[in-house]
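To start, the structure under review is shown below, and the notes come after it.
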Amino acid sequence: MFSKETYIRRRAELKKLVGEGVIVLFGNNESPANYPANGYAPFRQDSSFLYYFGQHRDGLVGIIDIDNDEDILIGDDIDIEDIVWMGFVPSVADLAAEVGITKTAPMSQLRQVCCCATATNRRIHFLPPYRYDTKIQIMDLTGIHPSKQKEAASLPLIKAVVKMRATKSAEEIAYIEAACDVGYVMHTTAQLLIRPGVTERFVGGQVDGIARSLAQGNSFGTIFSQHGEIMHGSPSDAPLEDGRLVLCDAGCELNDYCSDHTRTMPVNGKFTQRQQEIYSIVEQCHDYVLEVAKPGVKYQDVHFAVCRLMTERLKELGLMKGDTEEAVRAGAHAMFLPHGLGHMMGMDVHDMEGLGQIYVGFDDETRPNLEQFGTNCLRMGRKLEPGFVVTDEPGIYFIPHLIDLWRNEGHCAEFLCFDKLDTYKDFGGIRIEDDLLITNDGCRFLGSKRIPYHPAELEAFMANNNS
């Protein structure tokens, strides 16, 4: 939690950006896992509510009345039965005072606040809801059906929140750095545990345990799989096999801010020649971003610069052919890289994605291409600004079904060497990912330690698992 003044300043800035009306920011409620008293744990507060109101308790709503320059924290104080089971929780008034708010009200008065606004023809601003209980609250307050609420959400509020949350303060960057340091422990632990015969689930579980032990928990469900060609491959009961690669994509939340890293390792600790050939391309693409990402450059352009480099290197291995510019323009590289180079990161691992990617990762100048395979998954394309935190995560994947589909369709046949591609169907996939801060004159990776990824360094580090 930041200082009281931080939240006062943030709400004041939000008022200026939105201009008029009443902003309603819904905190999250407890979410039952399989019956009401057994909730998903730990509780996760809504990120935008946290950004402006700072409190982690469930059952809260924040009101920012722009026209009357008044902030209200709405929620019910807990009763003795809750205290018996959950322990003492400060009153709503005490929680409000911690973030510079003097006015509070019970949840029963939320409707009255909204009715007063609509009675005077003032707009009620809310963000796109993503939980069904919040959608029901909005319907009760406004009459807007849940199926219409995404479209009815306030565009001025969305744009204001994106503008503010996209640029991280020095305090926020320090929190992300701390989360990255826990990420280092998560990934290096995995690297030391990897060996033939150990199951994916065991290593993935150890990674998750570190996130829960040293931080608030995972920033997303850990990806740990020998099928690295599956973008979101969850850990299975399969034992790790000698000669294969295993991909670990994991991060944590600490002080409400995220880390997100990916490493790909040889199960037996040594890359084969074929594995190292592909790995070195991903390594070079990952490091190349440090040279080209800077303020004023579109991340979309960085993405395509990486795609051109990847294409050139894949041509050297006989996996691609033809003119590089034409191949990238046609989207042939998406056979190997079917996702974007990275995404915004902060309080959410895909920061503010729930507000609409078109507002977070794009702007009036840079628009998404929703038609071309691969390019349509580009989450971040806009011009970079100092204080932005984005991920740098190039990868090369050999997806058997995609290879077969494009061969049968003749798609990009002038740029892809399908006979050679067929010999890689058992390869899997490689991704290397770090978290990147855009500085005043360039960029740098976040975290005080770099998780080993250069081949010689990685092999030497993994050799410690037998010492």
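The values are calculated or read from the model by the stated rules, or taken from the named source; none is laboratory data. On a predicted model such as this, the values are computed, not experimentally measured, just so you know. Because the Cβ atoms are built from the backbone with ideal geometry, glycine has one as well, and the counts that use them run over all protein chains shown. Accessible surface is based on the protein model in full, side chains and every heavy atom, while ligands, DNA and RNA are left aside. Shrake-Rupley method; radii C 1.70, N 1.55, O 1.52, S 1.80 Å.
Is there any pair with a first residue in region 1-18 that is over 16 Å from S48 (Cβ atoms) and a second that is in a helix (DSSP H, G or I) and not small (G, A, S) whose Cβ atoms are under 9 Å apart and which are 6 or more apart or on different chains, and what are they?
That search, which allows pairs on different chains as well, returns S3/E171; K4/E98.
Condition first: assigned to a helix (DSSP H, G or I), touching a strand residue (DSSP E or B) at 6+ places or on another chain (Cβ under 7 Å) and buried (at least 16 other Cβ atoms within 10 Å of the Cβ). Now tell me which residues in region 285-309 satisfy that. Step through it out loud before you land on a result.
Keep residues of region 285-309 that are assigned to a helix (DSSP H, G or I), which gives 285-292, 299-309.
Filter again for touching a strand residue (DSSP E or B) at 6+ places or on another chain (Cβ under 7 Å), leaving 286, 289-290, 299.
Within region 285-309, H286, V289, Y299 qualify.
Exactly one condition in (1) open to solvent by 20 Å² or more (accessible area, probe 1.4 Å); (2) under 28 Å from R165 (Cβ atoms) is false for Y257; which is it?
Looking at each condition in turn, Y257 falls short on (1).
Can you find, within region 432-456, the residue that is farthest from Y184 (Cα to Cα) among those that are among the charged types (D, E, K, R) and open to solvent by 10 Å² or more (accessible area, probe 1.4 Å)?
Initially, region 432-456 is screened for residues among the charged types (D, E, K, R), giving 433-435, 441, 444, 449-450.
Of the ones still in play, those that are also open to solvent by 10 Å² or more (accessible area, probe 1.4 Å) are 441, 444, 449-450.
Numbers: D441: 26, R444: 16, K449: 7, R450: 7 Å.
If we take residues in region 432-456 being among the charged types (D, E, K, R) and open to solvent by 10 Å² or more (accessible area, probe 1.4 Å), then D441 is farthest from Y184 (Cα to Cα).
Hey, does region 17-28 have a residue that's part of a loop (DSSP other than H, G, I, E, B), at pLDDT 95 or above and either aliphatic (A, V, I, L, M) or open to solvent by 30 Å² or more (accessible area, probe 1.4 Å) (or both)? Don't jump to the end; show me each part of the working.
Residues of region 17-28 that are part of a loop (DSSP other than H, G, I, E, B), as a first pass: 19-21, 27-28.
Filter once more, keeping what is at pLDDT 95 or above: 19-21, 27-28.
Okay, now just the ones that are also either aliphatic (A, V, I, L, M) or open to solvent by 30 Å² or more (accessible area, probe 1.4 Å) (or both), so 19-20.
Yes, region 17-28 has at least one match.
In region 104-129, what count of residues is obtained for those that are in contact (Cβ under 8 Å) with a residue 12 or more places away in the chain, loosely packed, with under 14 Cβ neighbours inside 10 Å and not in a helix (DSSP H, G or I)?
Result for region 104-129: 1.
Could you tell me which of the residues T118, T134 is at pLDDT 95 or above, within 22 Å of L73 (Cβ to Cβ) and not aliphatic (A, V, I, L, M)?
When all the criteria are applied, what remains is T134.
Exactly one condition in (1) over 15 Å from M231 (Cα atoms); (2) modelled with pLDDT under 95; (3) of a type outside the set (G, A, S) is false for K383; which is it?
Status for K383: all satisfied but (2).
Answer yes or no: is there a residue in region 77-100 that is over 25 Å from the mean Cα position of the chain (by Cα), part of a strand (DSSP E or B) and not acidic (D, E).
Among the residues of region 77-100, not one is over 25 Å from the mean Cα position of the chain (by Cα), part of a strand (DSSP E or B) and not acidic (D, E), which makes the answer no.
Spot the failing condition for G340; the list is (1) in contact with a Lys or Arg (Cβ under 7 Å, 6 or more places away or on another chain); (2) in contact (Cβ under 8 Å) with a residue 60 or more places away in the chain; (3) within 25 Å of Y453 (Cα to Cα), and only one is missed.
Here G340 clears every test but (2).
Taking the conditions exactly as written (open to solvent by less than 60 Å² (accessible area, probe 1.4 Å) and in a helix (DSSP H, G or I)), does D348 satisfy them or not? It would help to see each step written out before you state the result.
On the way: open to solvent by less than 60 Å² (accessible area, probe 1.4 Å): yes; in a helix (DSSP H, G or I): no.
Here the answer is no, as D348 does not meet what is asked.
Answer with yes or no whether F43 is modelled with pLDDT under 95 and closer than 22 Å to I176 by Cβ.
Yes.
If we keep just the residues of region 139-162 that are free of Cβ contacts under 8 Å to residues at least 12 places away in the same chain and in contact with a helix residue (DSSP H, G or I) (Cβ under 7 Å, 6 or more places away or on another chain), which is least open to solvent (accessible area, probe 1.4 Å)?
I144
Cβ-Cβ distance below 6 Å, separation of 6 or more or different chains: which pairs start in region 421-432 with a residue that is within 22 Å of G410 (Cα to Cα) and end on one that is crowded, with 22+ Cβ neighbours inside 10 Å?
Y424/F398
Please tell me if Q45 is outside any helix (DSSP H, G or I), closer than 23 Å to P129 by Cα and touching a Leu at 6+ places or on another chain (Cβ under 6 Å).
no
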